[in-house]
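Below you'll find the structure, written out as structure tokens, and then a few comments.
The values are calculated or read from the model by the stated rules, or taken from the named source; none is laboratory data. If you're wondering where the values come from, they're calculated on a predicted model, not measured in any experiment. Note: ideal-geometry Cβ built from the backbone for every residue, glycine included; neighbour counts use all protein chains shown. These area figures cover heavy atoms from the full protein model, side chains too; ligands, DNA and RNA do not enter into them. Shrake-Rupley method; radii C 1.70, N 1.55, O 1.52, S 1.80 Å.
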Amino acid sequence: MQFRYTLRGGIWGVLYLFFVLGPLFALLAGPLPAARDFWTEFSVAIGYVGLAMMGLQFGLTARFRYITEPWGEDVIYHLHRKLSLIAVALALAHPIILFVVRPELLALLNSIQAPWRARFAAVSTYSLIALVVMALWRAKWNIKYETWHLWHIVLAVVAVAAGVLHMVGWSFYLTASWKRALWIGLTIFWIALLLYVRIFKPLFMLRRPYRVAEVRKERGDAWTLVMQPDGHPGFRFSPGQFGWLTLGGSPFKITGHPFSFSSSAAVSDGRVEMTIRNLGDFTSEIYKVPVGQRVYLDGPYGAFTIDRDPADMHVLIAGGVGITPMMSMVRTLADRGDKRPVILLYGGKDWESIIFREELEALKERLNLKIVHVLENPPASWTGEKGFINAEVFKRQLPPPYADHEYFICGPDVMMDAIEKALGELDVPLWKYHSERYSFV
């Protein structure tokens, strides 16, 4: 199975390069205008590549399961962020190189006298700069996620649309009708991706709503939403996967929120649960959701699941609310009657903030489950692990050889970075551990 996912991932990677570089090479086919100096042509080339990459960003965030399945949605979103920075760098390098090698073009910065094709270039550039600045400093400036998300979409659409109009207006390499048709087709493709995400997918979700059956208080300032399908059988998911939650109103809302399923994947009635900790903004209002409210779920997504990576023993490593996908795994294994050993290393600030503490203890009666709590601020009488999960904790709590186990890690980025480093120190190969980073922004 892993080979199949690797093969599919490789095919999608090749297709991505084709859609990025193919249009550039197509422009070089057939009759060409008179050649210019190297740096002018180079700047134009990277401008085309940057524009193609920006357009394809709509596809990376369209949540096509068949595309995201080999890597997982969190990896795709982090790739989206990295590729966005590369695309913006290429788009900004395009005019900068031109201004350096042809200083007379600086006159185009006068937006009053500049031709409209130059004005579109300026609009695209300014939109890209604003998009990147807001993305990098959203948290520092305390911009609400919903507000940022709306502006992120608007600025991205403006940047791509203005970039296409700038390219068409200049038309240096678009003199042939088939070349213009190629880029028009690409633009229609990008628009179709946006329409799929914002119109067609919500239309499908509109026909498959859920109702909140229970809002349950948990430890650690967390709440569990229990949701039942309303008039349809729901969907099946694998333990460890997640979905996008839209509360009330309509699935056409700009912003959905990703949360892991914490319920058992073995439940047959379509019921799903999401356990959400109060981290501010949207999450601070979860406890106010009334029973009976209509909600919408887009899922399941994610490659972070024990069903994809069979092993003789699973090591689950969670920090804080990162316990939610692990809880889905443990509940599922219990419902399936799976007797393979499971070791849960659970890092928390203190004993009272341990989410699912009592249920985890009860599950030890149904599973071959060992639980190791690692507390940052333990009570005075605590005799268990203290501080943070590291290589020394692994050596004390896990049976060697360490490279034989399958590891699943979810928690704050700082914790996950430290754990991945510790696993490397124990010579655990990369393909033996799997991480779920729940910050997509």
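In table form, for the structure just shown:
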| item | result |
| --- | --- |
| Percent carbon-and-sulfur accessible area, the range 1-140, ignoring ligands, DNA and RNA, probe 1.4 Å | 75 |
| Three-way shape label, the chain, alpha-carbon gyration tensor, a/c 1.5 | prolate |
| Those residues of the range 208-227 whose amide nitrogen sits under 17 Å from the label point placed on LYS253, 7 Å along Cα→Cβ | 208-215, 223-227 |
| Residues of type lysines that LYS421 reaches as a straight line, Cα spacing below 18 Å, ignoring anything fewer than 8 places off in the same chain | LYS395, LYS432 |
| Within straight-line cross-link reach of LYS82, aspartates and glutamates at Cα separation under 17 Å, skipping those fewer than 8 residues along the same chain | GLU73, ASP74, ASP413 |
| Between helix 323-336 and the chain: long-axis angle, C-alpha atoms, 0 to 90°, nearest 10 | 60 |
| C-alpha long axis of helix 2-27 to longest principal axis of the chain, angle in ° | 20 |
| Rounded, prolate or oblate (a/c below 1.5 giving rounded, otherwise prolate when a/b exceeds b/c) for the range 162-259 by Cα gyration tensor | prolate |
| Net charge of neighbours whose Cβ lies under 14 Å from the Cβ of ASP413, counting Lys and Arg as +1 and Asp and Glu as -1 | -1 |
| Around PHE394: net Lys/Arg minus Asp/Glu count, Cβ-Cβ under 11 Å | -1 |
| Spin-label model distance (nm) - ALA34 vs LEU17, 7 Å beyond Cα toward Cβ | 3.6 |
| Accessible surface of THR6 - all protein chains present, 1.4 Å probe, nearest 10 Å² | 90 |
| Heavy-atom SASA rank of TYR126, TYR16 (probe 1.4 Å, accessible area, largest first) | TYR126, TYR16 |
| 0 to 90° range, to nearest 10: angle between helix 73-101 axis and the chain longest Cα axis | 20 |
| Listed residues ILE97, ILE343 arranged by accessible area, highest first, probe 1.4 Å | ILE97, ILE343 |
| Whole-percent carbon and sulfur share, accessible surface of the range 176-261, 1.4 Å | 65 |
| Local electrostatic count at TYR210 - Lys and Arg +1, Asp and Glu -1, tallied over other residues with Cβ under 14 Å | 0 |
| GNM top mover of VAL372, VAL212, VAL133 - the chain, alpha-carbon springs below 10 Å | VAL133 |
| Length gained when the stretch GLU359-LYS144 is fully extended (0.36 nm per residue, less Cα-Cα span) | 74.0 nm |
| TRP141, TRP431, TRP382, ranked by accessible area, largest first (probe 1.4 Å) | TRP431, TRP141, TRP382 |
| Residue of VAL164, VAL414, VAL321 that the Gaussian network model of the chain assigns the largest fluctuation, springs spanning Cα pairs under 10 Å | VAL414 |
| Gyration tensor (alpha-carbon) shape descriptor, the range 260-365, a/c threshold 1.5 | oblate |
| Surface accessible to a 1.4 Å probe, per residue, for the residues of the chain, Å² | 48 |
| In the range 133-271, lysine pairs with alpha-carbon atoms under 27 angstrom apart (chain gap of 8 or more, or interchain) | 6 |
